[in-house]
1. Scan N5, N46 and give me the residue that is closer than 15 Å to Y115 by Cβ and in contact (Cβ under 8 Å) with a residue 60 or more places away in the chain.
2. Search the stretch 1-31 for residues being surrounded by fewer than 21 Cβ atoms within 10 Å (Cβ to Cβ) and over 15 Å from W59 (Cβ atoms), and hand back the single one that is modelled with the lowest pLDDT.
3. If we scan the stretch 78-89, do we find a residue that is more than 15 Å from S14 (Cα to Cα), out of contact with any Phe, Trp or Tyr (no Cβ under 8 Å at 6 or more places or on another chain) and crowded, with 18+ Cβ neighbours inside 10 Å?
4. Can you report the number of residues in the stretch 66-102 which are modelled with pLDDT of 90 or more and touching an Asp or Glu at 6+ places or on another chain (Cβ under 6 Å)?
5. Check off (1) of a type in the set (S, T, N, Q); (2) farther than 16 Å from L120 by Cβ; (3) more than 14 Å from the chain's Cα centre (by Cα); (4) buried (at least 18 other Cβ atoms within 10 Å of the Cβ) for T70 and give me the number that stays unchecked.
6. Of the numbered conditions (1) of a type outside the set (F, W, Y); (2) out of contact with any helix residue (DSSP H, G or I) (no Cβ under 7 Å at 6 or more places or on another chain); (3) under 18 Å from V130 (Cα atoms); (4) without any contact (Cβ under 8 Å) to a residue 60 or more places away in the chain, K40 fails exactly one; give the number of that condition.
7. Quick one: count up the residues across the stretch 43-68 that are under 21 Å from G29 (Cβ atoms) and of a type in the set (A, V, I, L, M, F, W, C).
Amino acid sequence: MSKKNVLILCTGNSCRSIMAEALLNAKLGDCLIAQSSGVKASGAVNPNAKALLESYGYWRDEYHSKVIETVLDTAFDLIVTVCDHAKESCPMFPKAVKTIHVGFDDPSGKAKEEYEKTLLLIEKELLSVVKKELCN
């Protein structure tokens, strides 16, 4: 069985989408390959997000903040937007691909505990949705 491709799409690609990418690869890596990008990528991974992912053993040196143009040639099976609709506009992927939204508040600039809360929410709310879509 070939692995499915999922893109986690956000605005800045520095925190939530990176955490989701790392979590999905760690937990569902037997059935999918997760990537992330942003429409206005910050160019850097949030250091608190990176430290948290390292503490869980999810971090890979290949994870970095990247603009959407760098992944346009990949044939994705699913796009997941993780931005918070109430506070920001979610980006659109320019190709016809099934897209779902599972939004999370941005922990950037908040206490370190908020990063862990966000990671645990991503695990609780996103993992099962993506697993159902791509791994059954």
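1. Working: N5 fails: closer than 15 Å to Y115 by Cβ.
Unique residue meeting the criteria: N46.
2. From the stretch 1-31, those surrounded by fewer than 21 Cβ atoms within 10 Å (Cβ to Cβ) are 1-5, 25-31; that's our starting set.
Restricting the remaining residues to those that are over 15 Å from W59 (Cβ atoms) gives 1-5, 28, 30-31.
Working: M1: 67, S2: 90, K3: 95, K4: 96, N5: 96, L28: 98, D30: 96, C31: 97.
Among those residues, the one meeting the criterion is M1.
3. Yes, that holds for at least one residue.
4. Total meeting the criteria: 2.
5. Failing condition for T70: (4).
6. In the conditions (1) of a type outside the set (F, W, Y); (2) out of contact with any helix residue (DSSP H, G or I) (no Cβ under 7 Å at 6 or more places or on another chain); (3) under 18 Å from V130 (Cα atoms); (4) without any contact (Cβ under 8 Å) to a residue 60 or more places away in the chain, K40 misses (3) alone.
7. Residues meeting the conditions: 5.
The values are calculated or read from the model by the stated rules, or taken from the named source; none is laboratory data. Here the structure is a predicted model, which means the values were calculated and not measured. Cβ: placed from backbone, ideal geometry, glycine included. Neighbour counts: every protein chain shown.
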